[in-house]
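Note sheet for the following structure.
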Amino acid sequence: MPIEVVRKNACSTIGEAPHWDEDSQCLFFVDICANSVHRWNAVTGVEQNIVLDNTVGFVVPWAKGGVIVGLGKTLTHLDWNIEKTTLLHEVDDGLDNRFNDGKCDPRGRIWAGTMGNGKDLALIPKEKGSLYSLDTDGTIKKHVENITISNGIAWSPDNKTMYYIDSVPGVVYAFDYDIDNGTICRQRTIAEFEKGPFGSPFPDGMTIDTDGMLWIACFFGGRVMRMDPETGKQIRTVEMPAKRITSCCFGGTKNDELYVTCCVEEDAEKFPLTGSVFKVTGLGVKGFPCYKYRGKCITTETETITAETETQSNL
């Protein structure tokens, strides 16, 4: 399976949350602790980078323009063209938390979770995060509490099941999903990663293919694994040229390319492609489109944050 480096060393901290936008043929992703949102145009090869004033856990395009980002512990609209941010919601009052991974369901709701802040993984406080949804009417709802590192989310092809990862216990959960009302119930565990010493692989971001198989990024594992959610068994592995793999999504004109992000490695000599964004082809499977937020942006406060924009050509 060919693996191409589409953005070499693009991220200086934690590359995360890739999102392929069909309309523009652009890949969005974030560099969490560099406070930056990235947009790489697959047609022109040009990457744009906007730096904000807090961590950025995820990015999702809004159907009416701009993007929604998990900025610190807020959901915020970013007008890409004028670099203006508009606060929509703030969560986890009184907690030193931030948003991590997030994405939209097929109806255009955003689902995203929080986690406690920590300078490194070993210092992240346990069970301080929660899982939220931003509905299409602009209201926010908390669904799950006591999450340590909220991460990958995906929906089954029939939209009757939502899959969700809490990374530190290393668990992939499934919920019954009501696509009409945007609610979950009947939480159960479908897979547990083997617990080991610090540095052992654990599940991070994920996506799903049209066969209903999950593709899970393995942090510290240097791979993306394809897993059958019915059995919880690994059925395929894609070895990556980086160790701290964070997330993946399908994209390309046929949704048959897998885009993969990673975190910066401590040993850059051993992993010279640290912080890069990769494209895997020849998988023989296709994914679903990455969905946009299709709801209202009801503002609670408006402010303009000074943003720095960098434009780079493809390497």
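The values are calculated or read from the model by the stated rules, or taken from the named source; none is laboratory data. All of these numbers come straight from a predicted model, not from anything done at the bench. Neighbour counts are summed over all protein chains in view; Cβ atoms, including those assigned to glycine, are modelled from backbone coordinates with ideal geometry. These area figures cover heavy atoms from the full protein model, side chains too; ligands, DNA and RNA do not enter into them. Shrake-Rupley method; radii C 1.70, N 1.55, O 1.52, S 1.80 Å.
Quick look at the numbers
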| item | result |
| --- | --- |
| Residue that is surrounded by the most Cβ atoms within 10 Å (Cβ to Cβ) [pool: residues in region 121-145 that are assigned to a strand (DSSP E or B) and of a type in the set (A, V, I, L, M, F, W, C)] | Leu134 |
| All positions within region 42-99 that are among the charged types (D, E, K, R), over 26 Å from Val5 (Cβ atoms) and outside any loop (DSSP other than H, G, I, E, B) | Asp79, Lys84, Glu90, Arg98 |
| Test: residue in region 45-63 that is open to solvent by 40 Å² or more (accessible area, probe 1.4 Å), of a type outside the set (A, V, I, L, M, F, W, C) and in contact with a Leu (Cβ under 7 Å, 6 or more places away or on another chain) | yes |
| First in region 127-141 and under 12 Å from Asp166 (Cβ atoms), second anywhere and at pLDDT 95 or above and of a type in the set (Lys, Arg), Cβ under 8 Å, 6 or more apart | Ser130/Lys142; Leu131/Lys142 |
| Residue within region 8-20 that is open to solvent by 50 Å² or more (accessible area, probe 1.4 Å) and in contact with an Asp or Glu (Cβ under 7 Å, 6 or more places away or on another chain) present | yes |
| Leu87, sole failed condition from (1) closer than 14 Å to Tyr291 by Cα; (2) touching a Ser or Thr at 6+ places or on another chain (Cβ under 7 Å); (3) open to solvent by 20 Å² or more (accessible area, probe 1.4 Å); (4) of a type in the set (A, V, I, L, M) | (1) |
| Tally, over region 216-233, of residues that are closer than 25 Å to Phe29 by Cβ and either free of Cβ contacts under 8 Å to residues at least 60 places away in the same chain or touching a helix residue (DSSP H, G or I) at 6+ places or on another chain (Cβ under 8 Å) (or both) | 10 |
| Verdict on Gly118 being at pLDDT 95 or above and of a type outside the set (Lys, Arg) | no |
